[in-house]
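The values are calculated or read from the model by the stated rules, or taken from the named source; none is laboratory data. Computed from a predicted model, the values in this text were never measured in an experiment. In this analysis, Cβ positions are derived from the backbone assuming ideal geometry, glycine residues included, and neighbour counts consider all displayed protein chains.
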Amino acid sequence: MRFASLTTPTGREPVLILPTPEGDRVLRLGHLAGDVAAILADPDLRERARRAGAEADAADLPRLDPTALAAPVVPGKILCLGYNYRGHVPDGADPTADDPAFPDVFVKTADTLAGPNEAVRIPRAATDVDYEGELAIVIGRTARDVALADALDHVGGYTILNDVSERAWQRRQSQWALGKCSDGFAPLGPWIVTPDEVGDPQDLLVEVERDGVTTVSQSTATTVFSVAFVIHHLSQVMTLHPGDVVTTGTPQKLPAAQAVHRPLADGDAVTVRISRIGALTTRFVAASAPDDSEVAA
C-alpha cells in the first residue's frame, strides 16, 4: 500500500494512493484516523485500509493531484545517519576494511520538515548548500530495546528524504546541527510504501538526478548498517514512536558529478528516485531580500 497525506481546506487528510493504467487515484481515509501515523500504528486500521483499497473501483476515484501532497507524516523526530554507504575500492581490496563500529547519528529539527511540493529556500547566510538522497524508514510500532531479529517488525513503511545540508556551516563545528537544520531542509515524500510492497530494504537502488544529470546511483546493499540494525541500535537509547522518521545515509556522488559539483542555487531541481518507492523532486529558490523591519532589527 501507498499512504499519503493531502492538504485540504480543513487540514491534512490521510489517503491511499491506488495506481491505475490511467494514473494514480486517491482513496480518502479520514474516516479511519486523523493521520497516516495512526493508521500505520494500528493493525486493525491498516487492515481496514487494505480492504478498502481492494474493494474500491479505482476508476471511480478522483485522480491524484500531486500538488496537493503534503509530507506523508509529521514525525516527532527525524534521525539521520552519516557515512553509511561504502565507497568504491580497488579490485581485490576488502570493502569492509574501513567500516565504523557504530553509525554516526544526528538529528534534524521540526522546522526542517517540508512536503514533496515545497520549494527549499536557500538561507541568505548559506554559501554551500548540497543535497543527499536517502531511503527513509517510517516507524509503525513503538520500538524500545528492540532485538535485531525483530527490528523490521517495527517498520510502518518507507519513503524518501532529501537531507539538504549547508556544508560551510557543517564544517564550522564538530556537531552538524547548524549545517543540517535550516528551515525546510528535510523534504519528505511523496508517500509511504508499506514493507510488503518494498520487500528487502537492502536491495533498493538509490539514484539522484540534478537538473537532468544522474549524480548518484548505488544500491542499499552497500550500506554499512542495515535498516534492521539501525532500528535495533537507536532503540537501545531512545524510544522510537509511530511516525518517527529514520534515514539511512546517502551514497557518494559519482566521480564525474563530484568533479563538476557546485552549490545549489536558485532554480536548481534535484530528484531522488528509489526503486519500488518512487521519486521526490525538490526545487530550490533564493532567499528573499530582507524587508525593512529585518534591516531595522
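Could you please let me know if Gly76 is at pLDDT below 95, part of a loop (DSSP other than H, G, I, E, B) and surrounded by fewer than 21 Cβ atoms within 10 Å (Cβ to Cβ)? In short, no.
Listed by position, the helices (runs of 4 or more DSSP H) enclosed by the range 143-201 include none that has at least 3 residues that are free of Cβ contacts under 8 Å to residues at least 40 places away in the same chain and touching a Lys or Arg at 6+ places or on another chain (Cβ under 8 Å).
When residues in the range 47-73 are screened for being crowded, with 19+ Cβ neighbours inside 10 Å and under 30 Å from Val107 (Cα atoms), 5 of them pass. Looking only at the range 175-189, which residues are crowded, with 20+ Cβ neighbours inside 10 Å and either of a type in the set (D, E, K, R) or over 17 Å from Glu118 (Cβ atoms) (or both)? Scanning the range 175-189 gives Trp176, Gly179, Lys180.
Has the range 280-287 got at least one residue that is under 25 Å from Gly179 (Cα atoms) and either among the hydroxyl-bearing types (Ser, Thr, Tyr) or in a helix (DSSP H, G or I) (or both)? There is at least one residue in the range 280-287 that is under 25 Å from Gly179 (Cα atoms) and either among the hydroxyl-bearing types (Ser, Thr, Tyr) or in a helix (DSSP H, G or I) (or both).
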